[in-house]
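The next block holds one structure in the form of structure tokens; read it before the comments.
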Amino acid sequence: MSAIGIHDLAVATGHHVLELDDLAERLGVDPAKYHVGIGQDAFSVPAPDEDIVTMGAAAAKQVIDRHGSDGIRTVLFATESGIDQSKAAGVFVHGLLGLPQAVRVVELKQACYGGAAALQLALGIVARNPDERVLVIAADVARYDVDTAAEPTQGAGAVAVLVSADPDLIEIEPLSGLFTADVDDFWRPNDRSTALVDGRLSVSAYVDAFIGAWDDLASRGGPAYDTIDRFVHHQPFTKMALKAHRKLTQHVGVPFDETELQTGFTYNRQVGNTYTASLWIALAAVLDLDDDLDGTRVGMFSYGSGSVGELITGIVRPGYREYRRQGAVRADLEARVPLTVDAYRALHADGAATSQDVDRPRVTAAPFRFAGVLGGARHYEATTPAA
Ligand code: HMG
């Protein structure tokens with residue numbers, strides 16, 4: 001069978017940014033606790049006319065603009081901040097992008113793990129039908145209550161991944177390591193728009209899942225540690241990846257060099273936690289910023305609270321440099337409009353999904369916007385008229 005994997009990867013984020021220095025000042029916290037203690041500098045905040053659909057569509061548009069929609073018969077939308085209990089967010093994206101009607105669209109949920117689950121389903125579909133391509137979208141807005149320890153670990157962002165045979169970027173290897181344990185580390189009941197979390201338990205549950213997934217991969221004949229050239233992780237905050245990776249190296253009995261992980265932290269330090277998109281934004285950073293990946297093996301660890309973990313490996317395709325989207329994420333990050341803490345908190349208070357009719361102000365500069373709710377239904381539109 002020919003190689004199957006990631007053919008394209010595009011990222012989108014929110015219109016606004018909150019610098020953690022400003023939050024630290026407001027809360028009377030030493031800023032070093034954020035920059036060093038949790039390894040975060042800022043987080044993206046959606047404009048009032050942005051949500052998972054607009055960010056997901058903005059990421060997916062980049063992929064469709066480059067590759068067209070031929071062969072796409074499946075759109076998988078992973079999220080844990082869904083905007084409807086019934087309709088898949090991907091159906092809105094399908095409409096905004098004008099995708100063909102002969103397409104199946106579905107939404108997947110298991111906390112931050114949903115994006116990796118979608119990737120695995122996509123690989124299976126392409127394995128059965130190598131002429132098909134699958135559009136995977138992972139988008140989330142990470143929201144915790146204000147004035148909690150979790151507040152600095154919020155964020156917003158999306159990725160779109162095109163899965164195909166003979167991929168331009170990464171061939172995904174068939175073996176992966178799996179781990180599931182029923183644990184109450186983080187969850188969001190149906191009547192809440194903010195997550196509940198047991199912070200300390202969540203950190204140890206993440207580590208348990210990483211070690212467990214590693215052991216499963218090893219027991220199935222997976223690659224030896226020293227044949228994995230780069231690692232990227234789900235990053236609720238970048239220090240989490242460091243903590244977990246240090247434990248893995250102790251478990252395996254190899255030296256720990258934290259400098260090896262820093263490239264994968266570059267974007268996540270700025271966007272914050274993007275739940276299902278987080279791991280893939282880390283992967284985008286490594287592809288964009290590391291010029292020496294031809295033929296190297298990358299380990300990708302996905303963790304979703306509750307909890308499910310999976311360790312996936314892939315081989316970077318020679319020539320990937322020609323197809324990566326170098327500079328695009330950096331430009332998006334720099335274009336974000338800074339918020340004061342008061343302005344961010346006002347947006348946060350207004351951020352819960354509602355079925356009340358409402359018009360949203362025009363703020364976003366992204367290609368699509370959330371226009372508001374009419375008759376209980378959400379409405380989206382392009383921000384620029386079609387040419
Ligand atoms: P906290 O109460 O701020 O923790 O909560 P802390 O007081 O232990 O401080 C954090 C670190 O800062 C510590 O370092 C301190 O020493 C250090 P550590 O001991 O851990 O290495 N520190 C300083 N460093 C330098 N200068 C200073 C200073 N002061 C303190 N002056 C916590 C932190 C992450 C728990 C909180 O933010 C939280 O609850 N966040 C949300 C939960 C979370 O992100 N969990 C991660 C694992 S679960 C996961 O990844 C899944 C998730 O993405 C959801 C999903 O799957 O859907 C969350």
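The values are calculated or read from the model by the stated rules, or taken from the named source; none is laboratory data. Please read these numbers as outputs of a predicted model, since none were measured by experiment. Positions of Cβ are generated from backbone atoms using ideal geometry, with glycine treated the same way; all protein chains shown enter the neighbour counts. Side chains included, ligands, DNA and RNA excluded: accessible areas come from the protein's heavy atoms. Shrake-Rupley method; radii C 1.70, N 1.55, O 1.52, S 1.80 Å.
For the chain, set up a GNM with springs between Cα atoms under 10 Å and report which of P189, P318, P367 has the largest fluctuation.
P189
Under 30 Å from the Cα of K109, which lysines turn up, not counting those fewer than eight places away in the same chain?
Those lysines meeting the cut-off are K61, K87, K239, K243, K247.
Rounded to the nearest whole Å³, what is the per residue volume of the convex hull around the Cα atoms of the stretch 174-318?
Dividing the Cα hull volume of the stretch 174-318 by its residue count gives 114 Å³.
Keeping all protein chains in place, calculate the accessible area per residue for the stretch 91-168 (probe 1.4 angstrom), answer in Å².
Heavy-atom accessible area per residue stands at 36 Å².
Taking θ as phi - 60°, what are the ³J(HN,Hα) couplings along the stretch 192-198 by the Karplus curve (6.51, -1.76, 1.60), each to the nearest whole Hz, with x for Gly and Pro?
Residue by residue, the stretch 192-198 yields 10, 9, 10, 7, 9, 8, 9 Hz.
Report relative contact order for the chain in percent, whole number only (criteria: Cα-Cα under 8 Å, sequence separation at least 6).
Computed value for the chain: 25 percent relative contact order.
Say we join alpha carbon atoms closer than 10 Å with springs in a Gaussian network model of the chain; which of T313, T227, T296 then has the biggest fluctuation?
It is T227.
Looking only at the stretch 301-338, which residues have a backbone nitrogen under 16 Å from a spot 7 Å from the Cα of A224 in the C-beta direction?
none
As a check on your grasp of the helix formula, calculate [θ] at 222 nm for the chain: sum -39500 (n - 2.57) over DSSP H runs of n ≥ 4, divide by the residue count, round to the nearest 500.
Numbers: 10 runs with 117 residues, N = 387.
That calculation yields -9500 deg cm²/dmol at 222 nm.
Test of understanding: in a Gaussian network model of the chain with alpha carbons linked when under 10 Å, which of G114, G375, G299 would top the mean-square fluctuation ranking?
Between G114, G375, G299, it is G375 that shows the largest mean-square fluctuation.
Express the accessible area of the stretch 174-318 per residue in Å², computed with a 1.4 Å probe while the remaining protein chains stay in the model. Can you show the working numbers first?
Numbers: 5630 Å² over 145 residues.
Each residue of the stretch 174-318 exposes 39 Å² on average to a 1.4 Å probe.
Can you give me the long-range amide H partners of H233? Hydrogens built in the peptide plane at 1.01 Å from N, cutoff under 5 Å, separation of 5 or more residues or another chain.
Amide H neighbours of H233: F301.
Going by amide H atoms built from the backbone, whose H comes under 5 Å of the H on V141, apart from near neighbours?
HN-HN under 5 Å from V141: S81.
Over the chain, what percent of the accessible surface lies on carbon and sulfur atoms, probe 1.4 Å? Walk me through the intermediate numbers first.
Details: 7830 of 15750 Å².
Of the solvent-accessible surface of the chain, carbon and sulfur hold 50 percent.
State which stretch of the chain is the longest one without any exposed trypsin sites (Lys or Arg not before Pro), exposure meaning a DSSP loop state and at most 13 other Cβ atoms within 10 Å.
Counting only loop sites that pass the neighbour cut-off, the longest clear stretch is 1-191.
With both partners inside the stretch 174-318, how many of the DSSP beta bridges are antiparallel, as a percent to the nearest 5? Please report the intermediate quantities before stating the final value.
Details: 15 of 19 bridges.
Counting only bridges with both partners in the stretch 174-318, antiparallel ones make up about 80 percent.
Post the alpha-carbon centroid distance, the stretch 279-317 to the stretch 1-54, in whole angstrom.
For the stretch 279-317 versus the stretch 1-54, the Cα centre distance is 18 Å.
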